[in-house]
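The values are calculated or read from the model by the stated rules, or taken from the named source; none is laboratory data. All of these numbers come straight from a predicted model, not from anything done at the bench. Just so you know, the surface numbers come from the protein's heavy atoms only, side chains and all, with ligands and any DNA or RNA stripped out. Shrake-Rupley method; radii C 1.70, N 1.55, O 1.52, S 1.80 Å.
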Amino acid sequence: MRYQRSSALFAEAKKYIPGGVNSPVRAFQAVGGEPIFIKEAKGAYLYDEDGNRYIDYIASWGPLILGHAHQPVLDAVIEKAKKGTSFGIPTEIETELAKLAVSMVPNIDKIRFVNSGTEACMSAVRLARGYTGKDKIIKFAGCYHGHSDSFLIQAGSGAVTFGSPNSPGVTQGTAQDTLLADYNDLEGVKTLIAANKDEIAAIILEPVAGNMGCIIPTNEFIKGLRELCTKEGILLLFDEVMTGFRLGKGGAQEALNIDADIVMFGKVIGGGLPVGAFAARAEIMGHLAPEGPVYQAGTLSGNPLAMSAGLAMLTELNTKPETFTSLADKTAFLQKGIEEVLTEKGITHQINRFGSMISVHFCDEPVVDFKSSTRGNNDTFKKYFHGMLDQGIYLPPSAFESYFLNDAISYADLERTIEAVGKVF
Ligand SMILES: *Cc1c(COP(=O)(O)O)cnc(C)c1O
């Protein structure tokens, strides 16, 4: 049996871990069946506990943009680990990574490191509230900003997959400070602002959405948000946990040519170790403790092990910016290939792509917001997912997730992937 050992390991895991996983999407509930258990990975490939090999299209959900066990990152982490993993006392490498990140990303002077994207977004909103002296935030249906209470209001991917867009445990009090708008709907945002005059601290969004599939903002929408925020004294928060150091050195700010007020990072910035960060102009960051009154802290924040992985990763990307073009080219090749096969087979589909973010939707209308992202045919998606898995292609196990290509994927791998799509249908 192809997945025998994975199946046994999953049964054992379920006895001790809720649902057998430490993050819900891994459990395959949206696609049915059981998850595979990974033994090891190198470059573009995952190897499961049964000895099957997969071309990996999630790269740990984004961080491993140069592929698994990338040598310079590994070397940096191993060397650092020998000298101690955490002190809770300042180290030089924190400044090195901060300096490099600030030099790569437009419009930021200072950065604070945390341990996850969730923590980055949660802290950024607190900073925005402290800075503006206002309480409410606007978020967009289908955008995911981690699992802190304020954001679990129509939160995309994981939360949608599990049919609990408003999670139990989030209080009414918290929920009422989060106002909800539709992605790409500037008029809706204007209406919310007018109804909550001088009460809104921040508008937070994924500048290119990746948690309801990949959704591209219209120029009018993203520019309009910037203008509205400036006019109304609202901070514009770009959640670049997914887009940061993936769409280019300067992330979505650079790709879309729009300045945000606070930018949040995660995923790539940690090189595969748990790192998140938020950054802004010095004047805004000056409100953060210990410089200012807005409290934020972390026992393991900025630990040398995590910083060494992040520094090695960003150094690679900074010295080889052609990586971003290479990734976008590969993703465009994949898009074209899959599009041709699906068209030839008469399968209704939409493919959205921005740089190296891509998603395939089995529906006939353009996918531009959360509502349109839910119209895909889920039976077709399940068949597609499992058909690809059986042929050694690991795709995101949810129709609401964007694929993340890594640069270790070769054109031969892409061709094999496209052929596999043909075999599934
Ligand atoms: C992954 C993700 C997060 C959450 O990051 P974690 O490290 O999983 O907490 C937040 N925002 C976006 C856009 C993400 O893709």
Express the carbon and sulfur contribution to the solvent-accessible surface of the chain as a percent, rounded to the nearest whole number, probe 1.4 angstrom. 52 percent
Could you work out which residue, out of V31, V367, V341, moves most in a Gaussian network model of the chain, that is, has the largest mean-square fluctuation with Cα springs under 10 Å? V341
Rounded to two decimals, what ratio of Rg to Rh does the chain give with C-alpha atoms and a Kirkwood Rh? 0.95
Would you kindly work out the equivalent ellipsoid of region 49-112 from its C-alpha gyration tensor and give its semi-axes, the square roots of five times the eigenvalues, largest first in whole Å? 29, 19, 10
If one builds a Gaussian network model of the chain from Cα atoms under 10 Å apart, the most fluctuating residue listed among I55, I351, I38 is I38
Return the whole-Å distance between the Cα centroid of region 313-375 and the Cα centroid of region 253-301. 28 Å
List the relative contact order of the chain as a percent without decimals, with contacts defined as Cα pairs under 8 Å and 6+ residues apart. 23 percent
Could you pull out the pairs from K39/K320; K345/K382; K139/K231 whose alpha carbons sit more than 20 Å apart here? K39/K320
Reduced Cα scattering model of region 273-416, Debye log10 I(q)/I(0), q = 0.09 Å⁻¹: -0.45
So if the hydrodynamic radius of region 204-338 is defined as the Kirkwood radius over C-alpha pairs, what does Stokes-Einstein give as its diffusion coefficient at 37 °C and 0.692 mPa s, in µm² per second? 199 µm²/s
Can you tell me which of K320, K80, K15 moves the most in a GNM of the chain? Springs connect C-alpha atoms under 10 Å apart. K15
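Past the 31 Å Cα-Cα mark, which pairs from K42/K249; K42/K223; K80/K136; K223/K383; K197/K249?
Pairs exceeding the cut-off: K42/K223; K80/K136; K223/K383; K197/K249.
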